[in-house]
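Accompanying notes for the structure given below.
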Amino acid sequence: MQMRNAAVFKLSRRSTVLGSLALLGSLSHTTRAGTITDAGNVSVSVTAPKRIVTIGSAITEIVFALGEKSHVVAVDLTSMGVAGAQGMIDVGYMRALSTEGVLSQAPDLICVSSDSGPPAVLDALRASGVPFALIPHVPTIEGIKVKVSLLGTLLDKAAEAEKLNAGIDAAFAKLAEKIATVKQRPKVLFVLSLADNRIMAGGHTTAADTMITLAGGENIATSFAGYKPISAETILETPPDAIVMMNTGPNSHEAGEVFANTAFAGSPAAKAGALFKMDGSYLLGFGPHTAEAATELAHKLHPELAL
Amino acid sequence: MTAFTGAMEKLSGQQREQHRILIPVLIVALALMSVASVATGAVKIDISSLPGILLGSDQASARDTVILWSVRLPRTFLAMLVGASLAASGAVLQGLFRNPLADPGLVGVSSGSVLAAVATIVLGQNYFGETATRLLPVTAFIGGLLTTILLYSIATRDGRTYTATMLLGGIAIGAIAMALTGVLIFMSTEQQLREFTFWSLGSLGGATWAKAGSVSLFMLFALCLWPILARGLDRLALGEAEAGHMGVNVQILKRAAIVATALLTGAAVAVSGAIGFIGLVVPHLLRLVMSPRHRFLIPAAALLGAILLLAADMVARTIVAPAELPIGIVTACLGGPVFLWMLLTNVRKIET
């Protein structure tokens, strides 16, 4: 108890809102209970949830990391890649949820990433009377920590959440320290898809852009926001030193195929064979393992660094 | 008048009396289908416990009560209303344009609604934040109506609406709307694109009593217009000039038909996204088995549309439960082949 309170106060120094919420959560302490104000600005309270449905891979990962895996009964399709989620009931794609589908799992807590949908189904789930927590999705380091803190408070695992966040901070700090010593930032392009040789790249304000920056690279697709088709000429103008892609699904391509593309054929990336493929939700999910993913990418971009 | 009745007799032949049996059969089928719809879903609720839950029995579990009252019942009503609206609109428009290919998309409602929906998702979220998406049903409805008004004014010269111009104008406006939709899709983020994709495939997943209530208002309005529309459309089948000679004010008829279908389809698209096939096919299926007289065709189309959409929605929400399939996929998968089969087995009947 003493330790828990210490953790709570440490948290409250950092963020008054979260801290006071955590305090609220730990006040009634006969059973596990927590209260948060969620992304929809609604106060959500739960007591000892035993049947949790998690929507969004980061949410699922965090709930697992907080030691609540045994209470999770169903997850969404994007969470199926999370270690330990295999074989769990899949309630469908996070942006095409079904009210009755989610409720059919008889949940006593629904934790949903705020980029889920459709909005009408989220409203219906909220109205169903089952505790419904909309967790804000912001693809930044701070965004990950907010997710962890909120879920930690809600599930009455504030101490674990604090520990998890401390670990995340430490890992990012360690990475940033190493990256600061780098003199040359390689030019990187994140290729979301290469269907029919048309290149769809990650521009600024994407999770891919943030990851490239964290890993000490420089995104060459800065003229647009979001994932967009990019012309071969733009790439020929600033040839990339490395290409990052996802290694799963229909968007996975072999190096030979990628570098055969006119836009990449003469690039330094093609000469060095620098095609780095990573798991999509690991690389772009912005969950508790993002620091590891960023470090892994940094290691690929800067093999000279001891990471 | 006698000439008209005579023509009608000839037109309908032996199918004249079919509606006497068909409409009651459809009513019974709709009743059975709606009970089936309320009884099925991802959550297993025993059919024998349904009356208890609906009457508020003490033994009913809170979860089952929520699922029945705030998920399945509004959804069932919404499916019926949307199906009926789309099919009845299709019947009216096919009569108005005297063209078997006419469907609610032709008066510009669908393309306008789609454009308004994607604008709400992309521009609305960029400038007004996430809350903009909640306004989607309203903007989609307004977008559909505005496009119809535009199309109507394009096709109207000196107080006369030219249906051929309207058909072609509808295609042109559809192409323009599609281009603007494409621009917005290009501007969209990954998440907005997904949101739009799922919206455009249609779903009754977000059904609420408020949505069902607002669609039913438009249904009631259209119901008042139905007797006038039915009589006028029957006469219009003989030609515009002929209808005029028989005392039909063709211009008022056109205006009423366009207003009624734009309101019905606009409301349906606004609450459920773009659901294809129902408006085009249902009237055809019915004309194969019954009199083409609009007095019976329109209500029969509404009933069959409601039945088919209920059935499609039951498939959509159970086939991959606990996930859900977009209903537009189901209507196209079930409807396309059925329609083709109907065409192939009835070529002679359709061509005469």
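The values are calculated or read from the model by the stated rules, or taken from the named source; none is laboratory data. Source: prediction; values computed, not measured. When we count neighbours, we look across all protein chains shown, and the Cβ atoms used for this are built from the backbone with ideal geometry, even at glycine.
Below, the figures for the structure above:
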item	result
Qualifying positions in the range B:63-103 - hydroxyl-bearing (Ser, Thr, Tyr) and either away from chain A (no Cβ under 14 Å) or touching a residue at least 40 places away in the same chain (Cβ under 8 Å) (or both)	B:Ser70, B:Thr76, B:Ser85, B:Ser89
Residues that are of a type in the set (Gly, Ala, Ser) and free of Cβ contacts under 8 Å to residues at least 40 places away in the same chain, drawn from the range B:104-127	B:Ala116, B:Gly124
Residue check, A:Met211 within 27 Å of A:Glu292 (Cβ to Cβ), assigned to a strand (DSSP E or B) and modelled with pLDDT of 90 or more	no
Residue in the range B:245-252 that is touching a helix residue (DSSP H, G or I) at 6+ places or on another chain (Cβ under 7 Å), away from chain A (no Cβ under 14 Å) and in a helix (DSSP H, G or I) present	yes
Test: residue in the range A:166-188 that is in a loop (DSSP other than H, G, I, E, B), modelled with pLDDT under 95, small (Gly, Ala, Ser) and surrounded by fewer than 18 Cβ atoms within 10 Å (Cβ to Cβ)	no
Where B:Leu135 falls short, out of the listed (1) under 20 Å from the mean Cα position of the chain (by Cα); (2) without any contact (Cβ under 8 Å) to a residue 40 or more places away in the chain	(1)
Test: B:Leu106 is outside any strand (DSSP E or B), away from chain A (no Cβ under 14 Å) and modelled with pLDDT of 85 or more	no
Failed condition for A:Arg51, given (1) modelled with pLDDT under 95; (2) in contact with a helix residue (DSSP H, G or I) (Cβ under 8 Å, 6 or more places away or on another chain)	(1)
Count of residues meeting criterion [over 21 Å from A:Val138 (Cα atoms) and crowded, with 24+ Cβ neighbours inside 10 Å] in the range A:75-99	3
Residue that is farthest from the other protein chains (Cβ to nearest Cβ), among those in the range A:187-240 that are over 22 Å from A:Ser281 (Cα atoms) and of a type in the set (Lys, Arg)	A:Lys187
The one condition in (1) under 26 Å from A:His299 (Cα atoms); (2) in contact (Cβ under 8 Å) with a residue 40 or more places away in the chain; (3) away from chain B (no Cβ under 14 Å) that A:Lys183 fails to fulfil	(2)
Residue that is surrounded by the most Cβ atoms within 10 Å (Cβ to Cβ), among those in the range A:124-165 that are away from chain B (no Cβ under 14 Å) and of a type in the set (Lys, Arg)	A:Lys147
Residue match in the range B:85-104 (condition: more than 17 Å from B:Thr261 (Cα to Cα) and surrounded by 24 or more Cβ atoms within 10 Å (Cβ to Cβ))	no
Of all residues in the range A:190-201 being buried (at least 23 other Cβ atoms within 10 Å of the Cβ) and in contact (Cβ under 8 Å) with a residue 60 or more places away in the chain, the one that is nearest to A:His299 (Cα to Cα)	A:Val191
Tally, over the range B:208-238, of residues that are within 30 Å of A:Pro118 (Cα to Cα) and not in a helix (DSSP H, G or I)	1
Complete set of residues in the range B:268-286 that are out of contact with any Lys or Arg (no Cβ under 9 Å at 6 or more places or on another chain) and part of a helix (DSSP H, G or I)	B:Ala268, B:Val269, B:Ile278, B:Gly279, B:Leu280, B:Val281, B:Val282, B:Pro283, B:His284, B:Leu285, B:Leu286
Leading residue by the ranking (surrounded by the most Cβ atoms within 10 Å (Cβ to Cβ)) among those in the range B:314-328 that are touching a residue at least 40 places away in the same chain (Cβ under 8 Å) and either within 11 Å of chain A (Cβ to nearest Cβ) or in contact with a His (Cβ under 7 Å, 6 or more places away or on another chain) (or both)	B:Arg317
Residue satisfying condition, being over 30 Å from A:Leu192 (Cβ atoms), of a type outside the set (Lys, Arg) and at pLDDT 90 or above, within set B:Ala210, B:Ala270, B:Ala257	B:Ala257
Residue among A:Leu301, A:Leu236 that is among the aliphatic types (A, V, I, L, M) and within 25 Å of A:Val182 (Cβ to Cβ)	A:Leu301
Residue count for the range A:128-144, restricted to those that are assigned to a loop (DSSP other than H, G, I, E, B) and under 15 Å from A:Gly287 (Cα atoms)	5
Candidates A:Val121, A:Val82, A:Val91, A:Val102 - the one that is more than 10 Å from every other protein chain (Cβ to nearest Cβ) and among the β-branched types (Val, Ile, Thr)	A:Val82
